[in-house]
1. Quick test of your reading of the structure: Val121 fulfils all but one of (1) in a helix (DSSP H, G or I); (2) under 22 Å from Gln76 (Cβ atoms). Name the failing condition by number.
2. Return the total of residues in region 64-88 being surrounded by 15 or more Cβ atoms within 10 Å (Cβ to Cβ), assigned to a helix (DSSP H, G or I) and of a type in the set (A, V, I, L, M).
3. So, in region 119-129, exactly how many residues are modelled with pLDDT under 85 and closer than 19 Å to Arg24 by Cβ?
4. Taking the condition within 22 Å of Ala26 (Cβ to Cβ) and assigned to a helix (DSSP H, G or I), does Ser91 pass?
5. I need the full set of residues from region 136-151 which are of a type outside the set (Lys, Arg) and assigned to a helix (DSSP H, G or I), in order please.
6. Return a yes/no flag: does region 107-118 have any residue that is surrounded by fewer than 18 Cβ atoms within 10 Å (Cβ to Cβ), at pLDDT below 95 and assigned to a helix (DSSP H, G or I).
7. How many residues does region 132-148 contain that are over 16 Å from the mean Cα position of the chain (by Cα), more than 19 Å from Leu8 (Cβ to Cβ) and of a type outside the set (Lys, Arg)?
Amino acid sequence: MRKFLVVLDDSRECLNAMRFAALRAAHTGGGVAILSVIPPEEFQHWIGVADLMRAEARERIEAHFEVFAKWMRDRQGIEPELLIREGDPVSEILAVIREDREIGVLVLGAGTEKSGPGPLVTQLSKSSGSLPIPLTIVPGEMSKERLESIT
């Protein structure tokens, strides 16, 4: 089964990327893998504090994931899988793609700020010619209705 890999973060555009991935998966008989990456700089403390922060970050990610997972299950009939990694986001995204041969498309949401589409979109689009799978960039301001009509 082909999976759509989407990145879960605290950005506003993440919502459109999630919607797009779930809708495309539902229409094509695919699946959705949701990746959340915890940057290593969050754990530059004493070991006990770092362990507590790591546990809290995972709890926050799992709660955030469950909101999207419930919507995907209830509305699209998709059971997404959650992947949590620690490290550099771009490196971890590429590692997941290399490790899971079922991942066929990377879906990212583009920010609408004047500063640009966001660091992941910027970094990954620069190397999109050498990515092993297609990269889909979903505009952050695209309406839910428009997303539904194009998927």
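1. For Val121, the exception is condition (2).
2. Number of matching residues: 2.
3. So the answer is 1.
4. Spelling it out, it is not the case that Ser91 is within 22 Å of Ala26 (Cβ to Cβ) and assigned to a helix (DSSP H, G or I).
5. First, pick out the residues of region 136-151 that are of a type outside the set (Lys, Arg): 136-143, 145, 147-151.
Once the filter is applied, which keeps residues that are of a type outside the set (Lys, Arg) and assigned to a helix (DSSP H, G or I), region 136-151 yields Glu145, Leu147, Glu148, Ser149, Ile150.
6. Quick first cut of region 107-118, residues surrounded by fewer than 18 Cβ atoms within 10 Å (Cβ to Cβ) only: 112-116.
After this cut, where a residue has to be at pLDDT below 95 as well, the list is 112-116.
With the extra rule that they be assigned to a helix (DSSP H, G or I), the set shrinks to none.
No; the residues of region 107-118 include none that is surrounded by fewer than 18 Cβ atoms within 10 Å (Cβ to Cβ), at pLDDT below 95 and assigned to a helix (DSSP H, G or I).
7. Start the filter on region 132-148 by keeping residues that are over 16 Å from the mean Cα position of the chain (by Cα), which leaves 132, 141-148.
Next, only the ones that are more than 19 Å from Leu8 (Cβ to Cβ) stay: 132, 141, 143, 145-146, 148.
Filter once more, so that each one left must be of a type outside the set (Lys, Arg): 132, 141, 143, 145, 148.
Total satisfying the criteria: 5.
The values are calculated or read from the model by the stated rules, or taken from the named source; none is laboratory data. Worth saying up front: this structure is predicted, and the values here are computed from it rather than measured. Cβ sites come from the backbone with ideal geometry, for glycine too, and all protein chains shown count toward neighbours.
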